[in-house]
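Peer 1: Here's a structure for you.
The values are calculated or read from the model by the stated rules, or taken from the named source; none is laboratory data. Everything numeric here is computed off the predicted structure, so don't read it as measured data. Reconstructed Cβ throughout: ideal geometry from the backbone, glycine too, with neighbour counts over all protein chains shown. For the accessible areas, the whole protein counts, side chains as well, though only heavy atoms, and no ligand, DNA or RNA atoms are used. Shrake-Rupley method; radii C 1.70, N 1.55, O 1.52, S 1.80 Å.
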Protein chains: 2
Amino acid sequence: MPNKVFDKVAGNGLISRRHLLEISAAGLGMAASNSVLGADSALKLEIPVWSKVPGPGASGYGSRSTHAEHMQRLAGAPNPIYPGGGSSRSPLQHLQGTITPNSLHFERHHAGIPDINPAEHKLVINGLVRQPLVFSYEELLKYPMVSKIHFLECSGNSGALLRGGNEDGTAQSLHGLVSCAEWTGIPLSTLLDEAGVLREARWVAAVGADAASMGRSVPLSKALDDVLVALYQNGEPVRPEQGYPIRLFCPGWEGNISVKWLTQLKLTREPAQFRDETSKYTDTMPDRSSYQFTFPMGTKSLITSPSGQMALNSQGLYKVTGIAWSGSGSIRRVEVSADGGRSWADALIESDQFEKALARFSIPWDWNGGDAVLQSRATDSQGNVQPTRDAVIADRGTINRYHNPCIQSWGVNRAGEVSNVYI
Amino acid sequence: MPNKVFDKVAGNGLISRRHLLEISAAGLGMAASNSVLGADSALKLEIPVWSKVPGPGASGYGSRSTHAEHMQRLAGAPNPIYPGGGSSRSPLQHLQGTITPNSLHFERHHAGIPDINPAEHKLVINGLVRQPLVFSYEELLKYPMVSKIHFLECSGNSGALLRGGNEDGTAQSLHGLVSCAEWTGIPLSTLLDEAGVLREARWVAAVGADAASMGRSVPLSKALDDVLVALYQNGEPVRPEQGYPIRLFCPGWEGNISVKWLTQLKLTREPAQFRDETSKYTDTMPDRSSYQFTFPMGTKSLITSPSGQMALNSQGLYKVTGIAWSGSGSIRRVEVSADGGRSWADALIESDQFEKALARFSIPWDWNGGDAVLQSRATDSQGNVQPTRDAVIADRGTINRYHNPCIQSWGVNRAGEVSNVYI
């Protein structure tokens, strides 16, 4: 393998994607086999026990392999002065494709998960409307819906990296507050049409039924664009952690504004100035002024493998893979660098490229056993290019911990250890 | 409501989709509310207990609402002379959108679910190849993959309806052998390129590691087109029930050929004539001759609500919704009839229309309290139109129980009871 000549596409070992096809064969090359269809070469494979004895049959509700149970969300320790508050992060380094299974979708709660009986839950639309309305869950189920695949990302995702410090984390611990699902719901514009929005209305104040009464103000223009009153997630009712029975879903915007356990939408002239759009979820600049209502998430990508706390066992060919997304459109391009940004090569985009959804990319890398810094850089359909960490800090300082889309640098040392580095 | 004038789009109550927006408001019209943002009208809503007390916080692996636990697959009773054999059916009448959650994806097993240790599992490629190959699971994970959303349907789905009889079933019991997921895997063409297919090869014999050694022959042309060696399903490793750690996935073709627990791919001149392509999964015509290798699934749709064994409580507006799919392309159009096929109206397609994937449709229906027969009819991107049951029977008789794409008729009687009918 070390003698092999690869077509280079960028510095420090990034090679043409057709070489990725040689990863296994290179380490393998042995002949086969003695299996069901008869021996035709040297290697004899033993028949494993699971091929000899029938297994259990079909069931009502399935579960994953016991060999996959290490794939867990990473939840913070409970905080007694903030009951039910906190988050859990998706195991991005273990997932592939673009959909996040519902059981592994990231969470963020401000007073834990309410145990709502849908038969007793109401959604109120009031304020500056011609006709205030109250909907039961059963009534909402009768409306026409749309189904769209979208990512959801907490605005605090990746925030720790702006402050610097010795962040020895994983893809999950540093960036796991992003997930992706098919969301099915009623266009909010449909329900607002029915209530009759008055001319002076400019905002929609959305409130959840959790004990935090989590509230956020949504500009009317967004509410009338692509916002959903979501009832289903990947085909099944929205999970309790995600807002059962009803959540607001604002595609491409910071996760917090997709209010869970939705119980009220009030049309107003001005934003409501809820606790979670004043004391939190505002972006404080170096002069201590704060931006408020910075809704769209950035143009972003992340290498999920190799990533923090992984180890490369030997020099040679690796698949570099990851996810990319944009709050402003679809992913048009992902580039990868193995030399800390001095040279870049285009990755293969392995998935469809839906609007405001995760995309999956990969590129082969021939690690020569030396130091390397792996980075990825996304470009979206609006031409937005993912910025470097230096550019984000120069623009917005290091006090702010929201809306950090910056390029992640994974250092690889000569021992093959992968870790977060700042360059 | 009975006095309301709707724009009719077809006979017996099918109306313009804009009236679907009036479903709830019509039965409602009351003012609101006394909630977090203050009273501004007559109705006082009580604050529920779940809004007063913090709930449990984030966790490592989530689960669905206890209020959704009635959504179960329908599994047949175990058969002692066929250990592990049988199937379970997706609860189509409870799902929305297009993705099936992995825990509710239909199953079909021929000797139960093998408990495979991925570290000991091998995939062999041999037969008419330049270089036989053996892959471990870890090696396969390094290959570039593609992620695509596709339906999977058992060729026996809906088969009971061809035989007639008094089939008083649900959408699930009659048609639940179809599901849809994002499948991520290695293009089979990649692995075959690496092995080097010899000129005389025409078929790929695929064998599973279950105790049935389930095998099927795949034409080489399909293998080189869009077949995947699938490793992930909706982002997580393929479930044991679906072939963990590896399954073949042949988009648009009968489910049985997407061999689970894949352990061998042998290149051959002729089909292998496995048990499951001779004694089963062949289509027997009235003259007792059988078609073999009838792979693509048809152009098909199904109304999932209202559907068999549901009940309409009162006359008035309902949402008719369902799913549509084609093994030969994407869904271009879905029409609905409420008068047993005498008149048809176009339904709204609520989802994206991906190739060989489920699509979701809906249309509003004003039930006048009389007898009705609800039907849906799909047209795909190739111009294929879903046939009537009479047309399928005239073409292929009633011995065959595979590949029935026929239009489902749901009768509604004056008591509002919905049931399967033959017309």
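Peer 1: Put the label 7 Å from Cα along Cα→Cβ for A:LYS280; what are its distances to the other copies, in nanometres, shortest first?
Peer 2: 5.3
Peer 1: Then there's this: Using +1 on the beta carbon of Lys and Arg, -1 on that of Asp and Glu, and nothing else charged, what's the dipole of chain B about the Cα centre, debye to 20?
Peer 2: 260
Peer 1: What is the magnitude of the charge dipole of the protein assembly as shown about its Cα centre, with +1 placed on the Cβ of each Lys and Arg, -1 on the Cβ of each Asp and Glu, and no other charges, expressed in debye to the nearest 20?
Peer 2: Dipole magnitude for the protein assembly as shown comes out near 180 debye.
Peer 1: If we count every other residue with Cβ under 15 angstrom of B:SER409's Cβ, Lys/Arg +1 and Asp/Glu -1, where does the sum land?
Peer 2: Counting the neighbours of B:SER409, the net charge comes to -3.
Peer 1: Further question: Dividing the alpha-carbon radius of gyration of the stretch B:177-248 by 2.2 N^0.38 Å (N being the number of residues), what value is obtained?
Peer 2: Compared with the compact-globule rule of thumb, the stretch B:177-248 sits at 1.17.
Peer 1: Next question, about the same structure. Got a sec? Charge dipole of the stretch B:257-412, +1 on Cβ for Lys and Arg, -1 for Asp and Glu; which of B:MET297, B:GLY329, B:THR282 is way out at the positive end?
Peer 2: B:THR282
Peer 1: Per residue, how large is the accessible surface of the stretch A:166-212? Use a 1.4 angstrom probe and give square angstrom.
Peer 2: 27
Peer 1: Which whole number gives the average count of other chain Cβ atoms within 10 Å of the Cβ atoms across peptide A:130-140?
Peer 2: Taking the mean over all residues of the peptide, I get 5.
Peer 1: Summarise the accessible area of the stretch B:164-218 (1.4 Å probe, protein heavy atoms) by the percent that is carbon and sulfur. Don't skip to the end; give the middle numbers.
Peer 2: Working: 560 of 1410 Å².
Carbon with sulfur: 40 percent of the solvent-accessible area.
Peer 1: A follow-up question, please. Quick one: Debye curve from the C-alpha atoms of the stretch A:205-296, no solvent, what's log10 I(q)/I(0) at q = 0.19, 0.20, 0.23 Å⁻¹?
Peer 2: Those come out to -0.88, -0.96, -1.20, one per q.
Peer 1: Going by a ≥ b ≥ c, the root eigenvalues of the Cα gyration tensor, does the stretch A:307-423 fall in the rounded group (a/c under 1.5), the prolate group (a/b larger than b/c) or the oblate group?
Peer 2: Because a/c hits 1.5 or more and a/b fails to exceed b/c, the stretch A:307-423 counts as oblate.
Peer 1: Still on this model: Along Cα→Cβ at 7 Å, what distances in nm separate the A:ASN313 label point from those on the other copies, shortest first?
Peer 2: 6.1
Peer 1: Further question: What are the extents of the Cα atoms of chain A along their three principal axes, in Å, largest first?
Peer 2: Reported extents, whole Å, longest axis first: 79, 61, 42.
Peer 1: Another question about this same structure. Around B:PRO56, under 12 Å between beta carbons, what's the net of Lys plus Arg minus Asp minus Glu among the other residues?
Peer 2: Net local charge, B:PRO56 excluded: -4.
Peer 1: Determine the shielding of peptide A:222-233 by partner chains: average, over its residues, the number of Cβ atoms on other chains within 10 angstrom of each Cβ.
Peer 2: 1
Peer 1: Across the stretch B:85-183, what fraction of all alpha-carbon pairs, as a whole percent, falls in each successive 10 Å bin from zero upward?
Peer 2: All Cα pairs, binned at 10 Å, distribute as 12, 29, 32, 18, 8, 1 percent.
Peer 1: Around A:SER343, what is the net charge, scoring Lys/Arg as +1 and Asp/Glu as -1 over all other residues with Cβ under 10 Å from its Cβ?
Peer 2: 0
Peer 1: Still on this structure, I have one more. Which whole number gives the average, over all residues in B:345-354, of C-beta atoms from other chains lying within 10 Å of the residue C-beta?
Peer 2: Per-residue shielding by partner chains comes out at 3.
Peer 1: Can you order the peptides A:183-191, B:232-240 by their average number of other Cβ atoms within 10 Å per residue, highest first?
Peer 2: B:232-240, A:183-191
Peer 1: Please compute, for the alpha-carbon atoms of the protein assembly as shown, the extent along each of the three principal axes and give them in descending order in Å.
Peer 2: 84, 76, 44
Peer 1: Is the shape of the stretch A:149-304 rounded, prolate or oblate, going by the alpha carbon gyration tensor and its root eigenvalues a ≥ b ≥ c, with a/c under 1.5 for rounded and a/b larger than b/c for prolate? Could the numbers behind the result be given before it?
Peer 2: Working: a/c = 2.08, a/b = 1.34, b/c = 1.55.
Oblate is the answer for the stretch A:149-304, as a/c is 1.5 or above yet b/c matches or exceeds a/b.
Peer 1: Also, I was wondering about something else. Among DSSP bridges having both ends in the stretch B:149-307, what percentage is antiparallel? Round to the nearest 5. Walk me through the numbers on the way to the answer.
Peer 2: Values: 29 of 30 bridges.
Approximately 95 percent, going by the DSSP bridge assignments.
Peer 1: Using a ≥ b ≥ c from the Cα gyration tensor of the stretch B:59-112 (square roots of the eigenvalues), is it rounded, prolate or oblate, where a/c under 1.5 gives rounded and otherwise the larger of a/b and b/c decides, a/b for prolate?
Peer 2: prolate
Peer 1: Another question about this same structure. Accessible area lost on pairing A with B, both sides, 1.4 Å probe, Å² to nearest 100?
Peer 2: The summed interface area works out to 9400 Å².
Peer 1: Build a GNM of chain B with springs between Cα atoms under 10 Å: which of B:GLY169, B:GLY215, B:GLY329 gets the top mean-square fluctuation?
Peer 2: B:GLY169
Peer 1: Rounded to the nearest whole Å², what accessible area per residue is found for the stretch A:297-423 with the 1.4 Å probe?
Peer 2: 35
Peer 1: Another question about this same structure. Relative to the other copies, what are the label-point distances for A:SER59, with labels 7 Å from Cα along the C-beta vector, expressed in nm at one decimal and sorted shortest first?
Peer 2: Shortest to longest, the spacings are 1.6 nm.
Peer 1: Counting only protein heavy atoms and using a 1.4 Å probe, what share of the accessible area of the stretch A:272-409 belongs to carbon plus sulfur, as a whole percent?
Peer 2: Within the stretch A:272-409, the accessible surface is 44 percent carbon and sulfur.
Peer 1: Taking amide H atoms as placed 1.01 Å from N in the peptide plane, list the residues 5 or more away in sequence, or in a different chain, whose amide H sits under 5 Å from that of B:VAL197.
Peer 2: B:ARG130
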